[in-house]
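The values are calculated or read from the model by the stated rules, or taken from the named source; none is laboratory data. Given the structure is predicted, the values throughout are model-derived calculations rather than measurements. Heads up, the Cβs are rebuilt from the backbone with ideal geometry, glycines too, and the neighbour counts pull from every protein chain shown.
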């Protein structure tokens, strides 16, 4: 495998430092926010962070765009696609700028169906164990979309990037002015970026229509199987680097520590922990809702979602007695059959249900999923508590009243 | 993607049925077994099934061949490499036969370092919950080897097999006369068989020397990241199929069910359950041994292994108080640096240790591993009990006496 000889490249500028937001006064300008779905569960208004109510998640395989959770770090950019261009720099000779027209002419549009999920999804269950920092998400910081665009791989190939180098990383920087006083930047390893089966897209379409402002108009990245934080919206820069991005959201924010690490001890540990990337096996109950009343002995259906970083979900187990006994749920909708040979490309979620003739209320309903690699979820949130409250995939429990 | 048009191929014979063992009298002929390491923990003499003592596992990154666990289903075949040939059939036109010389001339030899682990490793912990069928393994049905051979992909390409078809499976059949009254057969999906990063080998070398009889001399398959049962020894037939193998070891034996499924109810469920393939995230404690005495307050080191179907192990946590508090273990040896860009090719195990200055004996030591996808192990074996006793990756617990 040929190594990239950095010294031989005439690189104009390797963007290694975070681009500080120049106009700090803009940080607070929320006067031009787009209209939003009134039924969102809004966890923060400015920047806007809102999730989909659980029962809406399981209504359709593809989450309607207007109901799709929104994770913002600043005011929603309002860009003009006609005047828009993005730049490919770093270890690229020569650096390039591309308009949307350039991009769309580069290769045929492809469509990739994929879940996006925030690493903080289900954070509130960790908060209930012990306080954590971060937006308080229930189980709705997730949605399944159909994304249209050009494979990132084609853009990299066009720029003559060495697709086979295991040492390279691809950094994405958006135009968003984040409350963290930086632009939004993040990266993925080349092995994912260049993998034809990795299905990473530069996307301008969501569910068959142009991206909306909240979802990155006019251009975003979609990194199937990875935490949502890598699917950078309002994409402006793609930088080829010989190390991970040093942006806050890669180097500091989305990392996992053992329960004993607190804010007093984490500082020296950040650089030792790997940045979160692929999503673990996950499932959650969307119906019944927490504390819902189901009269004892009546019929009801338990519904939910499951996913595992592109691995096929092979089984979802449901317990009506807090994990003592299990039944196998029916998988209603999963990625389509022609993909089934590729056990690693199940990018959409699996929606599932279990019909219960006589609900044993009051009771605690629990779900857990299994993937094709026999990975399953850990039992208790308290055992996987971490100070950032990320990657909670403990058994999901819902108490039902009689 | 072009579909394989089965009807257009002049296939001489698709081997779809199990090859029944013709000479049943041979089943019992164990008079010519090879010499074996005297320190093996022997779980069954005929067929020979033996594991490595835990403390031997963590002595070296590569498990010495003579100490490498042996999983047999019948007498060890005694083949002559000079007269040996194997066959490629099924959806291949024309079918081919190859000698070892043909194979070695086909492509340059490559070396792949990979763990092999029996799906039944750690079965005894499940047996302690409730009886299960299968050889009683502790935690030593695992070893890390360096394998030399030719990529399976090259052989398939040579035979003009469609490497891109997601519908195809590659079946391997060995010459072993199994006590289950069949030859040993199994299969993997084409997406694994043909993946250049899947690293599936037809191997004739183990740790730099020709395979020994117990490990498949003269030729075996090595399927990195998959359960050991797919790495068929004494390989005789490779069949390209448009479905999974129907051999017992694929269609019946290595499958996972919920705890409530027993031998009275499993029959109609076999065909609904997926065959085990990739290995889940796993770790186990090799030192101290179960019930070992470590005087209270003395220094001791906890050592073990961890792996996750080729995913990088990012953290191993050790608890000295049965999971209430955790410390991060030091990872001593992992796949080499040049592979680190490929987060999916960590085929070897990670060996780890935690030095403890003052051991709090008596106590229960626990370990759990995390991989790059943030998957971790479930807490309790009782929750993942299954009637075949496979894929036990619950937290590994070792009681230490004072």
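Of note:
- Residue in region B:126-136 that is in contact with a strand residue (DSSP E or B) (Cβ under 7 Å, 6 or more places away or on another chain), crowded, with 20+ Cβ neighbours inside 10 Å and either within 19 Å of residue B:62 (Cα to Cα) or touching a residue at least 12 places away in the same chain (Cβ under 8 Å) (or both) present: no
- In this entry, residue B:185 passes the filter for residues that are in contact with a helix residue (DSSP H, G or I) (Cβ under 7 Å, 6 or more places away or on another chain), in the same structural domain as residue B:62 (by TED's automatic domain parsing) and within 22 Å of residue B:90 (Cβ to Cβ).
- Any hit, region A:137-157, residues being touching a strand residue (DSSP E or B) at 6+ places or on another chain (Cβ under 8 Å) and free of Cβ contacts under 8 Å to residues at least 60 places away in the same chain: yes
- Test result for residue A:306, over 21 Å from residue A:402 (Cα atoms) and touching a residue at least 12 places away in the same chain (Cβ under 8 Å): yes
- Condition met for residue B:300 (touching a residue at least 40 places away in the same chain (Cβ under 8 Å), within 27 Å of the chain's Cα centre (by Cα), away from every other protein chain (no Cβ under 13 Å) and surrounded by fewer than 22 Cβ atoms within 10 Å (Cβ to Cβ)): no
- Some residue of region A:229-236 being within 14 Å of another protein chain (Cβ to nearest Cβ), over 19 Å from residue A:388 (Cα atoms) and in contact (Cβ under 8 Å) with a residue 40 or more places away in the chain: no
- Across region B:44-55, the qualifying residues are those that are crowded, with 19+ Cβ neighbours inside 10 Å and touching a residue at least 40 places away in the same chain (Cβ under 8 Å), and the one among them that is farthest from residue B:122 (Cα to Cα) is B:47.
- Every residue from region B:162-171 that is under 22 Å from the mean Cα position of the chain (by Cα) and more than 11 Å from chain A (Cβ to nearest Cβ): B:170, B:171
- Residue count for region B:303-318, restricted to those that are within 12 Å of residue B:369 (Cα to Cα) and within 11 Å of chain A (Cβ to nearest Cβ): 9
- Any hit, region B:92-110, residues being touching a residue at least 40 places away in the same chain (Cβ under 8 Å) and buried (at least 24 other Cβ atoms within 10 Å of the Cβ): no
- So residue A:254, is it surrounded by 22 or more Cβ atoms within 10 Å (Cβ to Cβ), within 14 Å of another protein chain (Cβ to nearest Cβ) and more than 30 Å from residue A:328 (Cα to Cα): yes
- Residue B:192 vs. criteria within 17 Å of the chain's Cα centre (by Cα), crowded, with 24+ Cβ neighbours inside 10 Å and not in a helix (DSSP H, G or I): no
- Considering (1) more than 14 Å from chain B (Cβ to nearest Cβ); (2) surrounded by fewer than 20 Cβ atoms within 10 Å (Cβ to Cβ), the lone condition that residue A:214 does not fulfil carries the number (2).
- Selection status of residue A:176, touching a strand residue (DSSP E or B) at 6+ places or on another chain (Cβ under 6 Å), in contact (Cβ under 8 Å) with a residue 12 or more places away in the chain and assigned by TED's automatic domain parsing to the domain that holds residue A:96: yes
- Failed condition for residue A:244, given (1) buried (at least 21 other Cβ atoms within 10 Å of the Cβ); (2) in the same structural domain as residue A:97 (by TED's automatic domain parsing); (3) under 19 Å from the mean Cα position of the chain (by Cα): (1)
- Only a single criterion out of (1) within 14 Å of chain B (Cβ to nearest Cβ); (2) buried (at least 17 other Cβ atoms within 10 Å of the Cβ); (3) under 30 Å from residue B:196 (Cβ atoms) is not satisfied by residue A:159, namely (1).
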